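This report concerns only the one structure given below.
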Amino acid sequence: EQVRVFAPATAANLVCGFDILGLALEQPGDEVMMKRSDKSGVRLLKITGDDGRLPLDPAKNTVSACVQMLLKHLGREDIGVEIALHKQMPIGSGLGSSAASTVAGLYAINLLLGEPLSKHELLPFAMRGEELACGHGHADNVAPSLFGGITLIKSYEPLDVIQLPIPKDLYCSVVFPHVDVPTRAARQMIRSKIDLKDAVIQWGNIAGLVSGFFMNDHALIGRSMKDVLIEPTRAILIPEFYEMREQAMVSGALGFGISGSGPSVFAFASSKQTALNITNNIVQHLQSKGIDSNGYVSAI
Ligand code: HSE
């Protein structure tokens, strides 16, 4: 018995919602092939598309480690599975690469076992994968990768995840400039204390963005895409960040910001053509500065 599972990349934070908002992209994403074997234990047979960067040791790789955790939880460590991970997206990109692999792996093992757990029950295992990957078990990549659409982590303790409505005709441009920004480092540089006046601006924007999703109000979505807490610090790690914003806005973006912990950036647009133009113009701008990049367009 063999299953093949695709899990999508994600844009986490959605500018103002650090660690609480995220959405699933149509592309890129990761694929996991998994099959039962007679020999008990979790084996990671191969990884493709990672340029040799990911560990093949089943205890260290987030996919196999999370599968092991799940089998232990279910008391099914007698089972044998063989895993092949096909990375079809960049690592360290801010597009939830580790999350997509982990979610695909957990979904696959759950399928092979006849779906003993719901998606909500799988989520904490995926969060432990994030902890392994970057030292912190945030859910804003794994939740949208697992559930699809736009998700809100209403609280971590207790874990409370809300699926938000998907506004009509909303498209997402994503560009990954080829520089490495590890999430672990990008988290360590953020201030842990904030001013009340900044908090007021931030939660106004989060409420505005979520209202915009509910009200199908693209203009409200756009003017809520502001981050006074994290972006000013993290933008330093991203080459041409403010120039990319300028390119996005003159190309018709509703709003623009960092995807996850960067270096990828994303923009919302009201048509597929506008989203394509935004992506192309940012890619071309980076090229003119000698920076290679990957560009994507997704319907939300
Ligand atoms: N919320 C996380 C962060 C997402 O910004 O560090 C990481 O992709």
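A few remarks follow.
- Screening segment 228-252 for residues that are in contact with a Gly (Cβ under 9 Å, 6 or more places away or on another chain) and part of a helix (DSSP H, G or I) and picking the one that is surrounded by the fewest Cβ atoms within 10 Å (Cβ to Cβ) gives M249.
- Close Cβ contacts (under 7 Å, 6 or more residues apart or on different chains) running from residues in segment 82-101 that are closer than 14 Å to V5 by Cβ to residues that are within 12 Å of the ligand (Cβ to nearest atom) and not in a loop (DSSP other than H, G, I, E, B) comprise A99/T10; A99/E130; A99/V142; A99/S145; A100/A9; A100/S145.
- Sole residue being within 16 Å of the ligand (Cβ to nearest atom) and in a strand (DSSP E or B), chosen from A84, A24: A24
- Some residue of segment 31-40 being buried (at least 24 other Cβ atoms within 10 Å of the Cβ) and of a type outside the set (A, V, I, L, M): no
- Residue in segment 150-161 that is on the phi > 0 side of the Ramachandran plot, part of a loop (DSSP other than H, G, I, E, B) and either open to solvent by 30 Å² or more (accessible area, probe 1.4 Å) or within 13 Å of the ligand (Cβ to nearest atom) (or both) present: no
- For segment 105-146, residues that are within 16 Å of the ligand (Cβ to nearest atom) and either part of a helix (DSSP H, G or I) or closer than 19 Å to S93 by Cβ (or both) total 21.
- Members of segment 124-136 that are over 14 Å from the mean Cα position of the chain (by Cα) and crowded, with 22+ Cβ neighbours inside 10 Å: F125
- Filter result (away from the ligand (no atom under 16 Å from the Cβ), more than 24 Å from G114 (Cβ to Cβ) and either among the acidic types (D, E) or in a strand (DSSP E or B) (or both)) within segment 27-59: Q27, K46, I47, T48, D50, D51, D57
- Only one of the listed residues (S271, S264) is out of contact with any helix residue (DSSP H, G or I) (no Cβ under 8 Å at 6 or more places or on another chain) and open to solvent by less than 10 Å² (accessible area, probe 1.4 Å). That residue is S264.
Residue-by-condition table, conditions (1) in contact with a helix residue (DSSP H, G or I) (Cβ under 8 Å, 6 or more places away or on another chain); (2) of a type in the set (D, E, K, R):
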position	(1), (2)
V32	yes, no
R43	yes, yes
S64	yes, no
H86	no, no
S97	no, no
A100	yes, no
V103	yes, no
L111	no, no
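- Per-region count, segment 169-226, residues part of a helix (DSSP H, G or I), within 16 Å of the ligand (Cβ to nearest atom) and open to solvent by 80 Å² or more (accessible area, probe 1.4 Å): 2
- Exclusive hit being of a type in the set (D, E) and over 30 Å from Y107 (Cβ atoms), set D160, D169, D140, D198: D198
- Evaluation of I91 against (1) buried (at least 20 other Cβ atoms within 10 Å of the Cβ); (2) out of contact with any strand residue (DSSP E or B) (no Cβ under 8 Å at 6 or more places or on another chain); (3) modelled with pLDDT under 95 (one fails), failing number: (1)
- Odd one out for A139 among (1) out of contact with any strand residue (DSSP E or B) (no Cβ under 6 Å at 6 or more places or on another chain); (2) buried (at least 22 other Cβ atoms within 10 Å of the Cβ): (1)
The values are calculated or read from the model by the stated rules, or taken from the named source; none is laboratory data. These figures come from a predicted structure and were not determined experimentally. All Cβ positions, glycine included, derive from the backbone under ideal geometry; neighbour counts span all protein chains shown. Each accessible area value is taken on the protein alone, full model and side chains, heavy atoms only, with ligands, DNA and RNA left out. Shrake-Rupley method; radii C 1.70, N 1.55, O 1.52, S 1.80 Å.
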